[in-house]
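Report on the following structure.
What follows is calculated from the coordinates using simple rules that are stated; it is not laboratory data. Note that this is a predicted model, so its numbers are computed, not measured. So basically every Cβ, Gly included, is an ideal-geometry build from the backbone, and we count neighbours across all protein chains shown.
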Amino acid sequence: MMVTLNKDVMSIVKEQDVIPFRNRIKEYATKIGMGLVNQTKLITAASELVRNMLKYANGGKVYIEVVSKGRENGIRLSFEDKGPGIPDINLALKDGYSTGKSLGLGLPGTKRLVSEFNIASEVGKGTTVTVVKWKNG
Amino acid sequence: MEKIPILRMGKFLLVTIQVDLYDRLAEALEADLVQMVKKTGAQGVLIDISAVSIIDSFMGRIIGNIATMSKILDAETVVVGMQPAVAITLVELGLPLKGVHSSLNVERGMELLRTKINLSEGQSDDDGYAE
């Protein structure tokens, strides 16, 4: 059972919002005592997801939560946008696939960097990506 | 707009990234650096990323681009001072920065650049019709 201890929301509408957003995650991660390597992985993952959100959906909202399950503490990030949605999620999760000009590492790479990864998308309505990084995970 | 300073040191260009880069700043650096290579005829580019705490796929691509573009303009690129956590993250992300030379610190990076340049000069001498 996952319990939310603290909840924060940030809206991301332009590129310059990304750096304060990264700093906010770093603050929370430091507060729960997450190590530097896991912090770096989490922030890098967040950076990839937020870039996708800006590029494909012109921005959206991110919920930052401190969560706890049993003895483990962690950070949960939910990226919500009202963009075009992803028609084929499995394809989008494949290494090297991209509709843009990028390397296609964003989603599959992000998945490798976090402990839990979930994506829900409806064409024409938007996409929500939720990731969890445990303090020691 | 902010700018990342590019310093000239003899045959080399030296870039120290001290701030968190957002996309446009990174793209501007890429363009400036390539222009500078052409303008100064530099043979080596040294990028110090010891203060960079996050390299995502976009930043990784910019670094790769700088190395490839400089190579075409006959300059070698060395990236120095990467933090261990960043290296771990890059490999797990699936971006091992192929084709980019790296060194642990500035001193070793300079040394590597010097060897690389001497090496390529040596090679071009051998290309002739000697003996």
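Is it fair to say A:V50 is more than 9 Å from chain B (Cβ to nearest Cβ) and in a strand (DSSP E or B)?
Details: more than 9 Å from chain B (Cβ to nearest Cβ): yes; in a strand (DSSP E or B): no.
Judged against the criteria, A:V50 is not a match.
Name the strands (runs of 3 or more DSSP E) wholly inside region A:68-137 in which the number of residues that are more than 13 Å from chain B (Cβ to nearest Cβ) and over 22 Å from A:I25 (Cα atoms) is 2 or more. Give the derivation first.
Working: elements: A:72-81, A:116-122, A:126-134.
It comes to A:116-122.
Looking at B:L29, B:L93, B:L73, which one is closer than 22 Å to A:L54 by Cβ and away from chain A (no Cβ under 14 Å)? Can you show your working first?
On the way: B:L93 fails: away from chain A (no Cβ under 14 Å); B:L73 fails: closer than 22 Å to A:L54 by Cβ.
When all the criteria are applied, what remains is B:L29.
With the condition kept exactly as written, say whether any residue in region A:31-41 is within 14 Å of another protein chain (Cβ to nearest Cβ), of a type in the set (A, V, I, L, M, F, W, C) and under 24 Å from A:L93 (Cα atoms).
Of all residues in region A:31-41, those within 14 Å of another protein chain (Cβ to nearest Cβ) come to A:34-41.
After this cut, where a residue has to be of a type in the set (A, V, I, L, M, F, W, C) as well, the list is A:34, A:36-37.
If we keep only those that are under 24 Å from A:L93 (Cα atoms) as well, we get A:37.
Checked against the condition, which is being within 14 Å of another protein chain (Cβ to nearest Cβ), of a type in the set (A, V, I, L, M, F, W, C) and under 24 Å from A:L93 (Cα atoms), region A:31-41 yields at least one hit.
Report, by residue number, each residue of region A:14-67 that is touching a Ser or Thr at 6+ places or on another chain (Cβ under 9 Å) and among the charged types (D, E, K, R).
A:D17, A:R22, A:K26, A:K41, A:E48, A:R51, A:K55, A:K61, A:E65
Any residue in region A:15-23 that is assigned to a strand (DSSP E or B) and either surrounded by fewer than 21 Cβ atoms within 10 Å (Cβ to Cβ) or polar (S, T, N, Q) (or both)? Steps first, answer last, please.
First pass over region A:15-23, keeping only residues assigned to a strand (DSSP E or B): none.
Among the residues of region A:15-23, not one is assigned to a strand (DSSP E or B) and either surrounded by fewer than 21 Cβ atoms within 10 Å (Cβ to Cβ) or polar (S, T, N, Q) (or both), which makes the answer no.
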